[in-house]
């Protein structure tokens, strides 16, 4: 069988619709239900990943993990900054530092030129194209130009990069390189790319990221008052003609159909979702017209959850994910085990017949779920700020490392979620089924569970992703809920926790809480230039800071950090 074409689509701030089995809602949350026939076609005619997670609940971090198959803490740009700030053992994971650039000062630092799936597919003969929101380069408005931004993306494994947006939008058309939504232009560039690849008899890999429905730029304003001719690359000489969208009626009239279908609302989520769904329809129509729909993998996923964006609670980290590939997956298929954005790159490579012996291969954290045995006990990590979480089957452990620099803590306080640290959550009901509406959100109710195995797994992950030194891939794969092997000299388990001093004046009140089982997104937060979170002493012992207590263990040349 010929290798598949591949489309990865990751729209910006898309809502988790009630039809897609979202996690249990927080009180007062908006419950979204919309008629999106084209996206729903991907779901009903493909495979629905019932428990998909992002590695980090923010757009840039999630896109990094999708592109690389790696946890955001491994970003070479982020590691360099963290090391420079003194955070050598536990990195601060945030949008401004999680970027896809090459850094020579850290080990395994070729994120742009080597360690991403665009380079991997390009190295194996695919035509590669990127369209829409990138958000994976450092922000520098003073030096921004469309061509420099586009050329930077081309260096990261793409043959084509058009209709690219470097950052979130605002309501100004030309301020600092930030432009309004133009889904028609983006879609037309994507169609032209696929047509060219077919003419050249090449399979294609396309990363397609609509800027809608993100709320930083008004979708209503774009649809009502702005022109399809105005693009980040400059003003077009003629409107894009797109079958299924603008063909036969023109761009302005087409945009009025989007507004009409919103039934009077001016909200970004509704208008933007309809607009994005139309783009999906145009792509599907093209694939059908070229008789390659069945041989094309079309993966659709959110970048993160919306209810608790910028937090490690379920509403921030659970995402819908659908994979339409009729040559491989029967219509109506479901996958019930947990998967992550880090699994996208290895899974697509597997489906394309690209292996560890193929050109351009690099190490990843993710696994191909096509080749994984059905393992309900698989474990995944979630990262944001200094906070970390591990999810294994129905169990979840969340540790808030710094109450002063934690979006998760702030969101939890706002919505009444458990903010003690560490906290264990039960994500399933008595029958072992994942909690969905109308159940209460798992972060709000209590149960009598603890599990030291989650602590061991999370400790291993922190040690293997430390900013300084070698990056350890696969070091924690053997640690599951089924069995924890004996400690090794490389990744040891921790000694018993000493008596609690949570009421000490050196530490804020905390609790080791057991719970069963979100806020308004905060602005992107740059790395603090204050006192390093971790103090490396080279000896085992207790180290106190003004915000938390750590246990540091020197093992075989690296420092293991345990947040207490």
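Only the coordinates and a few stated rules stand behind these numbers; no lab work does. This structure is a prediction, so every number in the text was calculated from the model and none was measured. Cβ placement follows ideal geometry from the backbone for every residue including glycine, while neighbour counts extend to all protein chains displayed.
Things to note:
- Kirkwood-Stokes translational diffusion coefficient of the range 1-156, alpha-carbon pairs, 10 °C, 1.306 mPa s, µm²/s: 88
- The modelled label-to-label distance for the pair residue 147/residue 477, using points 7 Å beyond Cα in the direction of Cβ, is 4.6 nm.
- For residue 200 and residue 336, the FRET efficiency from 1/(1 + (r/R0)^6), where r spans their Cβ atoms and R0 equals 51 Å, is about 0.80.
- At an R0 of 35 angstrom, the distance between the Cβ atoms of residue 433 and residue 155 translates into a FRET efficiency of 0.15.
- Computed from label points 7 Å out along Cα-Cβ, the spacing between residue 253 and residue 2 is 3.6 nm.
- One Cα centroid belongs to the range 350-392, the other to the range 248-268; the line between them spans 40 Å.
- Full-stretch length increase - residue 376, residue 35 - with 0.36 nm per residue and alpha-carbon distance subtracted: 119.6 nm
- Evaluated on the range 376-482, the Kirkwood hydrodynamic radius is 14.8 Å, with distances taken between all distinct Cα atoms.
- Part-to-part distance (alpha-carbon centres) for the range 1-32 and the range 405-476, which is given in Å: 21
- Globularity index of the range 286-347, i.e. its alpha-carbon radius of gyration over 2.2 N^0.38 Å: 1.36
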